[in-house]
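The values are calculated or read from the model by the stated rules, or taken from the named source; none is laboratory data. Note that this is a predicted model, so its numbers are computed, not measured. When we count neighbours, we look across all protein chains shown, and the Cβ atoms used for this are built from the backbone with ideal geometry, even at glycine. Accessible surface is based on the protein model in full, side chains and every heavy atom, while ligands, DNA and RNA are left aside. Shrake-Rupley method; radii C 1.70, N 1.55, O 1.52, S 1.80 Å.
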Amino acid sequence: MESLCVLLLYPMDAYLEQELGCRCLLLRFCWDSPQDCRDDFLRTHGPSVRALVTGGGSGGDAALIDALPRLEIIACYSVGFDRVDLARCRDRGVRVTNTPGVFTDDVADLAVGLAIAALRRVPQADSYVRAGQWEANGDYALATRVSLSSITELNSSYVLQHG
């Protein structure tokens, strides 16, 4: 039985690369090489590739898709797939997958953290302490209280403080 030939467009987590390599014939694209070397690589290996693994930032343009005549699937290991030529994939019958929602909770957590940092002026207070200003100027001024506030109240408070 023929081993599935997978082209990894850019490096990813070492563990995932190792697991892919155990299950498939894994080709690592020569991403740091000059264009002519990449073209040679695709001429040599392109006809064998049935799956492309890529990130949302690297994607898969029409030229790359056309260089892989047996391509069946593009698996994006990120949420986005904006740089994948979906029209070309549709024309060629190539499936495209991604990982929607994988970072939703993490992004929400970060948004809340950034909102608290902005309202409580954490970066400014950190700079104040690191610069030793508390010795000369005393305690850092209190900032907006976040707990027990609604989003509307917090937004109004931030606008009043920062214009």
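Per-residue answers, yes or no, for (1) outside any loop (DSSP other than H, G, I, E, B); (2) aliphatic (A, V, I, L, M); (3) closer than 25 Å to L4 by Cα:
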| site | (1), (2), (3) |
| --- | --- |
| S33 | no, no, yes |
| D40 | yes, no, yes |
| H45 | yes, no, yes |
| I65 | yes, yes, yes |
| L68 | no, yes, yes |
| G80 | no, no, yes |
| A108 | yes, yes, no |
| A115 | yes, yes, no |
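Residue pairs, Cβ under 6 Å, 6 or more apart or interchain, first in region 1-25 and in contact (Cβ under 8 Å) with a residue 24 or more places away in the chain and assigned by the TED database to the domain that holds L42, second open to solvent by 60 Å² or more (accessible area, probe 1.4 Å) and among the hydroxyl-bearing types (S, T, Y). List them.
Listed by first residue and then by second, the contacts come to M12/Y77.
If I filter region 103-114 for residues that are surrounded by 15 or more Cβ atoms within 10 Å (Cβ to Cβ) and not basic (K, R), do I get at least one hit? Spell out the reasoning first.
Of region 103-114, the ones surrounded by 15 or more Cβ atoms within 10 Å (Cβ to Cβ) are none.
Scanning region 103-114 turns up no residue that is surrounded by 15 or more Cβ atoms within 10 Å (Cβ to Cβ) and not basic (K, R).
All but one of (1) surrounded by fewer than 15 Cβ atoms within 10 Å (Cβ to Cβ); (2) in a loop (DSSP other than H, G, I, E, B); (3) not small (G, A, S) hold for Y15, so report the exception by its number.
(2)
Could you run through region 62-90 and say how many residues are surrounded by fewer than 18 Cβ atoms within 10 Å (Cβ to Cβ), more than 20 Å from the chain's Cα centre (by Cα) and closer than 20 Å to M12 by Cα?
0
Going through region 31-61 one residue at a time, which ones are exposed (fewer than 14 other Cβ atoms within 10 Å of the Cβ), small (G, A, S) and over 24 Å from G101 (Cα atoms)?
Across region 31-61, the qualifying residue is only S33.
Determine whether region 19-29 contains at least one residue that is modelled with pLDDT under 90 and within 24 Å of L86 (Cβ to Cβ).
Checked region 19-29: at least one residue is modelled with pLDDT under 90 and within 24 Å of L86 (Cβ to Cβ).
List every residue pair whose Cβ atoms sit under 8 Å apart, with the two residues 6 or more apart in sequence or on different chains, where the first one lies in region 118-133 and is among the β-branched types (V, I, T) and the second, anywhere, is not in a helix (DSSP H, G or I).
So the pair list comes out as V129/Y140.
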